[in-house]
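Everything on this sheet refers to the single structure shown next.
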Amino acid sequence: MLTTTTTPVARGWCVAPHGDLDLATAPALREELLRRLRQGDVVLDLGGVGFLDSSGLHALMASHRRATLMGRRFCVAGARAGVLTVLRLTQVVDVLDLHPDRASALRALDPHGRVPAPTRPAPPVA
């Protein structure tokens, strides 16, 4: 079983599936991703996915292709060790815009590539 949480972000959507991404669940996730790409950029947070098969890979690659054709950004974030191994073995890591976590993927969506500066205390007033 796969459940999905979708939340709005600055330039689009963050889609976070939880469960296994396989033959039974990949088509629904693919449809959700394509629907969200019609509305804006998408960050796919895979932190809650414990298993990914070829159907899941197909959903990711179809979403990547659609995003490219639409001029949208499609970032994949937070893949756990087992899922990341599948992405590496299939060389999908060379194609997808992968990020270690959701925060870095969201920063990548900034249209000017800016990363927020760290907060620094104000200098003392003399």
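Residue-wise test of (1) touching a residue at least 60 places away in the same chain (Cβ under 8 Å); (2) part of a helix (DSSP H, G or I).
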site	(1), (2)
Thr5	no, no
His18	no, no
Ala24	no, no
Leu44	no, no
Leu60	no, yes
Thr68	no, yes
Arg72	yes, no
Leu87	no, yes
Ala103	no, yes
Scan (1) within 15 Å of Val95 (Cα to Cα); (2) free of Cβ contacts under 8 Å to residues at least 12 places away in the same chain; (3) not β-branched (Val, Ile, Thr) for the single condition Ala81 breaks and write down its number. (1)
Those residues of the stretch 16-38 which are closer than 15 Å to Ser54 by Cα and of a type in the set (A, V, I, L, M), in sequence order: Leu21, Leu23, Ala24, Ala26, Ala28, Leu29
Going through the stretch 25-66 one residue at a time, which ones are under 16 Å from Thr6 (Cβ atoms), among the small types (Gly, Ala, Ser) and out of contact with any His (no Cβ under 6 Å at 6 or more places or on another chain)? Ala28, Gly40, Gly47, Ala59, Ser63
For the stretch 42-62, how many residues meet the condition of being buried (at least 23 other Cβ atoms within 10 Å of the Cβ) and either of a type in the set (Lys, Arg) or more than 10 Å from the chain's Cα centre (by Cα) (or both)? 4
Taking the condition of being part of a strand (DSSP E or B) and either free of Cβ contacts under 8 Å to residues at least 12 places away in the same chain or basic (Lys, Arg) (or both), how many residues in the stretch 7-16 meet it? 2
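Take the residues of the stretch 74-85 that are outside any strand (DSSP E or B) and either in contact with a Cys (Cβ under 8 Å, 6 or more places away or on another chain) or not polar (S, T, N, Q) (or both): which is surrounded by the fewest Cβ atoms within 10 Å (Cβ to Cβ)? If you could, list the steps in order and put the result at the bottom.
Looking only at the stretch 74-85, we keep the residues that are outside any strand (DSSP E or B), and these are 78-85.
From what is left, the residues that are either in contact with a Cys (Cβ under 8 Å, 6 or more places away or on another chain) or not polar (S, T, N, Q) (or both) are 78-84.
Numbers: Gly78: 22, Ala79: 24, Arg80: 14, Ala81: 6, Gly82: 11, Val83: 19, Leu84: 17.
Filtering the stretch 74-85 for residues that are outside any strand (DSSP E or B) and either in contact with a Cys (Cβ under 8 Å, 6 or more places away or on another chain) or not polar (S, T, N, Q) (or both), the one surrounded by the fewest Cβ atoms within 10 Å (Cβ to Cβ) comes out as Ala81.
No lab work stands behind these numbers, since they all come straight from the coordinates. Everything numeric in this text was worked out from a predicted model, so none of it was measured. Here the Cβ is made from the backbone with ideal geometry for all residues, glycine too, and neighbour counts use every protein chain on show.
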